[in-house]
Amino acid sequence: MIGKGIRKTDSEALLSGKPVYTDDLVFHRDVLTIKLLRSPYAFARIKNINVDIAKKVPGVVDIFTYKDVPQTRYSECGESLPEASPYDRLILEEVVRYVGDEVAIIVAEDEKTAEKAKKLIKVEYEVFEPILDPEKAENSTIRIHEDDSVISPFDFGYNNKKNIVSEFDYGHGDIEEEFKNCEVIMERTYRTQAQAHCMMETLRAYSYLDERGRINVISANQSVYHMRRQTARAIGLPLSKVRVIKPRIGGGFGGKNVAITEPFVAFATLKTGRPCKLILSRKETFSATSVRHPIKVSVKIGSDKEGNIKAIHMKALNNTGAYGSNGPAVTMEVGQNSLPLYAKVPAIKFEGKTVYTNMVASGALRGYGATQGSFAMDSAINELAIELGMDPIELKLKNTIRKGAVGGIIPQTIKSFNIEKCIERGKKLIGWDEKYPRKEISPNKVRGIGMATAIHSSGISGIDAASVLMRLEEDGTYRLFTASSDLGTGSDTILCQIAAHALNTDMDRVNIHVGDTDACPYDTGAYASSTTYVTGNAVVRAAEKLKSKIIDKASKKLNMASIDLVLEKDRVRHREDESMFILLRTIGEEAVVGQDAEVLMADATYGTDYTPRPFLAGFAEVEVDTFTGEVELVNYVVVADCGTVINPALAKIQLEGGLTQGIGLAMFEDVKYTDEGKLITDSFLQYNVPTKKDIGNITVEFQCDYEPTGPFGAKSIAESAVHTPPPAISNAIYNAVGVYIRDLPITSEKVYKGMKELRNQRG
């Protein structure tokens, strides 16, 4: 089963249009519709809110304001337990902190009625001056969160008096002393913009009371257990009174690992006693959920003239927006998922700060800080190569970590890392030796090539954990129970492949039940590239336990030693005599009958203090119009080491999809605001997502190194896919026209302006 491009387990249901998504599963006829009144101001206090007229609209069941909700603060994000983020949210609050913040909850019999009532709510605001520039947040006299009831579970430097959410300072070696020994020192500043998730299915949730009076929430989410914890805390119920179910998800990319819709539907059902649903519009999903954290990263780097890097000092300023969400963890990952690649460097220092602003809250988005850190770090290495007159590949190979070494600021031994073969193959596929650094195509067209390297993690060591349960059914097939979330990635298929391989059977004999806090054991969910590695390892452990139980049962039935038996597709047989066997169906049937009944099942949990690192080498070829600055991406090549490739077809599309998002971040996508803090790019008409025509020819290959701690040698791939396009494309543009763009996205205007300044400097 390993290494086969098996189609996704839910492919037929999706292709035939079967009801599998949240809104398909609304089965109550008396379901109420929720609409949310949102703030028109970036920062204000509600002086007075009048809902009397709106409540009189026929069909309105109730309208709730900040006066009606529990006053227990929670974090909307799902991370560890407790979260590594401040608990700074209330379902509704007197103070609104960005344009789009929730002001009132309208619950009505239908959508039309709810929209009508929403327009009749009268609100008087005391409007404040907002903070829209993260560089002004710390020293501002304006406090975005004045309330001292905000809880920060970890001592990450939270200081609401300075609008600081977290501060980090870590590294190794004597940074100042090493800079004294450098012959070349370079300092650069890089900026990454906010980026929208743009998942096809907008955020949504549906809730109802079951026969035992518990709140049941069905929602498009990435972690049923995180969503249950945040929802229960927000509405003031114990965990035992809340059940969360995840159906099929229409994309997430991190945006559905935050409890945005779930608390509203649960609260409304709790207050009205009726089923409720909330489906955010596309405009709301853009303007009132979360975006990629925009981060400013400054890098100071020093080396000798031969390119031996002595010191790296990285500083990051993270704009987390109006609420803390994943801000601290993302800031930490800026360094922790980029700097370990350069563990050979004697001294490394990372300083990271997260601040509030009056903008849409930032949150988890594929890459989770590592994308921002990789753009800055890899670009700085590329620019150092320019200063030294070296090929960037030579400089990187001289300074990057190798298999068997310890990972620098994260002291873990690298057990698999196929860096040389990935770079060598990528060079050949892009034609590096023939094309580097540039070629003139016509009087006004120049092509350049550039490259980037990147790493990531496979789950979060010391935090992520997954439990699974496996059971032999009466008909001799298997059932796997897991709370992991398939976002469309095919992870359900991957886990079934792992289970089938461990049990020496076929895929059609393994059924999976996912995403239900009542039925499935704990799993941290789909984030931090954890499913294949963390949940996959739990599946291997559970399968081995179940296999042992089955063979022991067969041993008694056949009166043979367990060591002489082998488990096969549908039976247990003697190793040498195939005529001596017992069918799994027989074992399954007898397991549920009589005094000696014993249903064969096994559970296992996997948590680790080690995270293996995938590696990618990305190569970009661009064509630049020297008259206009227009950039066309002609070719993009990525070669990845993700350990054993469980399913090559799914791994390939993960890379292709991640590269497209990375290309979007590099060249197209940008979240824009007015001077008053109102989001401009709140639809696909204003927000520019690249199409197939924009991304050129993409080539994906694997050069895999077996990861001894992974399930059958596997490690992660999904998030790392997004990292290399921004630095590789910016490097290629420099090689083409001599202009380095350090402020994403790279637009024709920026390139043209850079070329004009370069011409002026040359006279």
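The table below gives the values:
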| read-out | value |
| --- | --- |
| Residue among ARG45, ARG29 that is among the basic types (Lys, Arg), modelled with pLDDT under 95 and more than 31 Å from the chain's Cα centre (by Cα) | ARG29 |
| Condition check for ASP169: exposed (fewer than 14 other Cβ atoms within 10 Å of the Cβ), touching a residue at least 60 places away in the same chain (Cβ under 8 Å) and either under 23 Å from GLU79 (Cα atoms) or among the small types (Gly, Ala, Ser) (or both) | yes |
| Only listed residue being surrounded by fewer than 16 Cβ atoms within 10 Å (Cβ to Cβ) and either modelled with pLDDT under 95 or assigned to a loop (DSSP other than H, G, I, E, B) (or both), chosen from VAL599, VAL671 | VAL599 |
| Cβ-Cβ under 9 Å pairs, at least 6 apart or on other chains, the range 258-271 side in a helix (DSSP H, G or I), far side acidic (Asp, Glu) | PRO263/GLU76; PHE264/GLU102; PHE267/ASP68; ALA268/ASP62; LYS271/ASP62; LYS271/ASP68 |
| Any hit, the range 642-660, residues being of a type outside the set (Val, Ile, Thr) and in a strand (DSSP E or B) | yes |
| Neighbours by Cβ (under 7 Å, 6+ apart or cross-chain): first from the range 23-51, within 16 Å of VAL360 (Cβ to Cβ) and among the small types (Gly, Ala, Ser); second open to solvent by less than 20 Å² (accessible area, probe 1.4 Å) and at pLDDT 95 or above | SER39/VAL96; SER39/GLY100; SER39/ASP101; SER39/VAL103; ALA42/TYR98; ALA42/ASN358; ALA42/GLY677; ALA44/VAL96 |
| Residue among VAL534, VAL510, VAL514 that alone is free of Cβ contacts under 8 Å to residues at least 40 places away in the same chain, under 30 Å from GLU201 (Cβ atoms) and hydrophobic (A, V, I, L, M, F, W, C) | VAL510 |
| Where a residue in the range 735-762 is closer than 24 Å to ARG292 by Cβ and its partner, wherever it lies, is open to solvent by 40 Å² or more (accessible area, probe 1.4 Å) and in a helix (DSSP H, G or I), with Cβ under 9 Å and at least six apart | TYR740/ILE386; TYR740/TYR734; ILE741/TYR734; ILE741/LYS750; ASP743/LYS750 |
| Subset of the range 339-363 [out of contact with any Asp or Glu (no Cβ under 8 Å at 6 or more places or on another chain), at pLDDT 95 or above and open to solvent by 10 Å² or more (accessible area, probe 1.4 Å)] | MET359 |
| Any hit, the range 682-693, residues being in a strand (DSSP E or B), in contact with a Ser or Thr (Cβ under 6 Å, 6 or more places away or on another chain) and modelled with pLDDT of 95 or more | no |
| Condition met for ARG447 (closer than 30 Å to ILE729 by Cα and open to solvent by 50 Å² or more (accessible area, probe 1.4 Å)) | yes |
| Of all residues making up the range 369-414, the number that are open to solvent by 10 Å² or more (accessible area, probe 1.4 Å), at pLDDT 95 or above and part of a loop (DSSP other than H, G, I, E, B) | 3 |
| Unmet requirement for THR681, which otherwise passes all of (1) in contact with a strand residue (DSSP E or B) (Cβ under 8 Å, 6 or more places away or on another chain); (2) β-branched (Val, Ile, Thr); (3) open to solvent by less than 20 Å² (accessible area, probe 1.4 Å) | (1) |
| Number of the condition not met by ILE121 [criteria: (1) more than 30 Å from ILE301 (Cβ to Cβ); (2) open to solvent by 40 Å² or more (accessible area, probe 1.4 Å); (3) of a type in the set (Val, Ile, Thr)] | (2) |
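The values are calculated or read from the model by the stated rules, or taken from the named source; none is laboratory data. Owing to the predicted nature of the structure, the values given are computational and were not obtained by experimental measurement. Because the Cβ atoms are built from the backbone with ideal geometry, glycine has one as well, and the counts that use them run over all protein chains shown. In case anyone asks, the SASA skips ligands and DNA or RNA and just uses the protein heavy atoms, side chains included. Shrake-Rupley method; radii C 1.70, N 1.55, O 1.52, S 1.80 Å.
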